[in-house]
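Asker: Okay, handing you the structure first.
The values are calculated or read from the model by the stated rules, or taken from the named source; none is laboratory data. The model shown is predicted, which means the values in this text are computed figures rather than measured ones. Every residue, glycine among them, receives a Cβ derived from its backbone with ideal geometry; neighbour counts consider all protein chains shown.
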Amino acid sequence: MSNVDEQDNEDLSASQILGKRIKDARTRKGLSQAHLGKAIGKDQRAVYEYEIGERRISVTELPLLASELGVSVLYFFQDAISQDDLDQALIAAFHALPSDDLKQKAIRIIALLGADVSSLPPLKNI
């Protein structure tokens, strides 16, 4: 992020910074608010409210939003949240999983993201 962006972001809330990044990614991709909304199962108004920081985005909605915008989930949080905040979000999402089976799969997926995939045994039933 440039110094100008950092200075501009000093006066913005976390929701506004996230919204600015959503808008930047959406406009770079050439999508309208209505088109993005339809792609993520929301209406144009919801996307507008995300972009101005009036509506909060669930952590479970971020992967779909990132996918539609062609960015990683981390794109939304570059320089905006601490490692501890990321850890807490991950723990909260993990605890929200409804079954031990899904929790085991989540652990496996996270391990795959950080490991040399070729050295891991194949996944079962995923």
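Asker: For region 35-68, name all the residues that are assigned to a helix (DSSP H, G or I) and of a type in the set (S, T, N, Q). So that I can check it myself, show each step before the final result.
Answerer: Narrowing region 35-68 to residues assigned to a helix (DSSP H, G or I): 35-40, 44-51, 62-68.
Passing the criteria: Gln44, Ser67.
Asker: Could you please let me know if Glu54 is modelled with pLDDT under 90, in the same structural domain as Ser15 (by TED's automatic domain parsing) and not β-branched (Val, Ile, Thr)?
Answerer: Working: modelled with pLDDT under 90: no; in the same structural domain as Ser15 (by TED's automatic domain parsing): yes; not β-branched (Val, Ile, Thr): yes.
Here the answer is no, as Glu54 does not meet what is asked.
Asker: Please verify whether region 23-35 includes one or more residues that are within 12 Å of the chain's Cα centre (by Cα), modelled with pLDDT under 95 and exposed (fewer than 15 other Cβ atoms within 10 Å of the Cβ).
Answerer: no
Asker: Okay, moving on. Starting from region 102-114, keep only residues that are assigned by TED's automatic domain parsing to the domain that holds Leu90, then list their pairs with residues that are aromatic (Phe, Trp, Tyr) whose Cβ atoms are within a distance under 8 Å, requiring at least 6 positions of separation or different chains.
Answerer: Going by the 8 Å Cβ cut-off, the qualifying pairs are Lys103/Phe94; Ala106/Phe94.
Asker: While we're looking at this one, here's another question. With in contact (Cβ under 8 Å) with a residue 12 or more places away in the chain, over 12 Å from Phe76 (Cβ atoms) and of a type in the set (A, V, I, L, M, F, W, C) as the only criterion, which of Ile57, Ile40 stands out?
Answerer: Values: Ile57 fails: over 12 Å from Phe76 (Cβ atoms).
Result: Ile40 is the single residue among Ile57, Ile40 that is in contact (Cβ under 8 Å) with a residue 12 or more places away in the chain, over 12 Å from Phe76 (Cβ atoms) and of a type in the set (A, V, I, L, M, F, W, C).
Asker: Go through region 72-101 and count every residue that is in the same structural domain as Ile57 (by TED's automatic domain parsing) and modelled with pLDDT of 90 or more.
Answerer: Number of matching residues: 0.
Asker: Which residues, counting only those in region 11-34, are part of a helix (DSSP H, G or I), touching a Lys or Arg at 6+ places or on another chain (Cβ under 9 Å) and more than 25 Å from Asp87 (Cα to Cα)?
Answerer: If the condition is that a residue be part of a helix (DSSP H, G or I), touching a Lys or Arg at 6+ places or on another chain (Cβ under 9 Å) and more than 25 Å from Asp87 (Cα to Cα), then Gln33 is the only one that fits.
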